[in-house]
Amino acid sequence: MTKGPTLSYKAEYIWIDGTEPTARLRSKTRILADGAELPDWGFDGSSTNQAPGDKSDCVLKPVFTCPDPIRGGDHKLVLCEVFLVDGTPHITNQRALLRPIAEKYAAQESWYGMEQEYTFFKDGRPLGFPERGFPAPQGFYYCGVGADEVFGREIVERHMDACLDAGLKLSGINAEVMPGQWEFQIGPAGPLEVGDHMWIARWLLYRIAEEFDVSATLDPKPVEGDWNGAGAHTNFSTKAMREGYDAIITACEALAEKAQEHVTGYGADIERRLTGMHETAPWSEFSYGVSDRGASVRIPWQVEVDKKGYIEDRRPNANIDPYVVARLITGTCCEALEKAGQV
Ligand code: ADP
Ligand code: MN
Ligand code: MN
Ligand code: MN
């Protein structure tokens, strides 16, 4: 590990690949002269499901940069959008599709808080699962303490510090309902910002867990049966929602109108997680309610008391692309609020 003054710095270029149905993260390192600006770069798209072998070059354009908390010093993490060589966004570039929507409704000041649930795996099973059979049933693991209930805390603490050192808008962490399952939250942050910070936080999670010989998965239902799935509850507000209850209801009704369209963008295999059990609503039915963790969209009780605040869309899977979810929610809710004259 290189620390302190350097004549050059390492820039870790990170991008989202074309793996289907769920994209994965890729990264590689570029050595740059001290003080040098971040250039566009390229990669072999035929190895990432982003190009055919005979036209394999794809372009990386830096869009978000932060200090590299792992390498320290002046080293940087560089999140990129993927482009074709002709300068148009690659078809897998979901951030490019969000940009115009975020801009169109910028005056409504969308805020997001995304709760990223995930599961640690080691030796082919969730961390904390015995070699044979199953651990004790769910009940004590959520926000638990003690070696019989909590698995992987050392990694989680390292990850939390790394996110803070990188300047990400991490708002908290907690142990989840199944052993080896955890959550971190990013927000409140704008539509592009929440996705940028989420993807970097995911990269840091994988990278740090690597040092412990542990993998982290965003699989929405890592263990079949009576075990909770993994989601990415998305908390959302606009300026009008933060100021009044009518706007809260308008947003919920707008989500009801476009329920099916949203569900198709809320992560692969959503029907495996949104079964109607384990604190979920069935994926095929839309509902909203105050304090209701069995509804698609929850209005927190405090929001009903204050008559203003935010809503929680509980449907998104752990394996979402946060740019897709932000495009859908900002598009749907801000359009409806504008039509209702509630901006
Ligand atoms: P839960 O009670 O569902 O577990 P969490 O505390 O895990 O909720 O996550 C709530 C998230 O919502 C946090 O990231 C928080 O910063 C974010 N949040 C809080 N207020 C707002 C708001 N007005 N608009 C959008 N997100 C918000
Ligand atoms: Mn939470
Ligand atoms: Mn949770
Ligand atoms: Mn939640």
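Things worth noting here:
- Apportionment of accessible area to carbon and sulfur, the range 83-186, percent (1.4 Å): 56
- Largest first, the three principal axis extents of the alpha carbons in the range 87-126 are 47, 29, 9 Å in whole numbers.
- Accessible surface of F140 - all protein chains present, 1.4 Å probe, nearest 10 Å²: 140
- Placing +1 on the Cβ of every Lys and Arg and -1 on the Cβ of every Asp and Glu, with nothing else charged, gives the chain a dipole about its Cα centre of roughly 320 debye.
- Ligands, DNA and RNA aside, T48 has an accessible area near 10 Å² when probed at 1.4 Å.
- Largest accessible area first, the residues T19, T238 order themselves as T19, T238 under a 1.4 Å probe with ligands, DNA and RNA left out.
- Kirkwood-Stokes translational diffusion coefficient of the range 258-343, alpha-carbon pairs, 37 °C, 0.692 mPa s, µm²/s: 240
- Helix-only [θ]222 nm of the chain, DSSP H runs n ≥ 4, -39500 (n - 2.57) each, per residue, nearest 500: -8000 deg cm²/dmol
- Cα point-scatterer Debye curve for the range 8-92, base-10 log of I(q)/I(0) at q = 0.14, 0.15, 0.24, 0.25 Å⁻¹: -0.48, -0.55, -1.14, -1.20
- Protein-only accessible surface order, largest first, of C66, C143 at 1.4 Å: C143, C66
- Expressed to the nearest 5 percent, the antiparallel share of DSSP beta bridges inside the chain is 90 percent.
- Note that the chain presents 45 Å² accessible area per residue, ligands and nucleic acids not counted, probe 1.4 Å.
- Semi-axes of the equivalent ellipsoid for the chain, Cα gyration tensor, largest first, Å: 31, 27, 19
- Accessible area of V263 in the full protein assembly, 1.4 Å probe (Å², nearest 10): 10
- Largest to smallest principal axis extent of the C-alpha atoms in the range 85-184, angstrom: 53, 30, 26
- In the range 1-158, inverting the average of 1/r over every pair of distinct C-alpha atoms gives 19.4 Å as the Kirkwood radius.
- Taking amide H positions as modeled 1.01 Å from N, with prolines and chain starts lacking one, the residues under 5 Å from G309 and 5 or more places away or on another chain are R242, E243, G244.
The values are calculated or read from the model by the stated rules, or taken from the named source; none is laboratory data. Keep in mind the model is a prediction, meaning the values are calculated, not measured. Here Cβ is always computed from backbone atoms with ideal geometry, including for glycine, and neighbour counts include all displayed protein chains. Note: accessible area is taken over every heavy atom of the protein model, side chains too, but ligands, DNA and RNA are not part of it. Shrake-Rupley method; radii C 1.70, N 1.55, O 1.52, S 1.80 Å.
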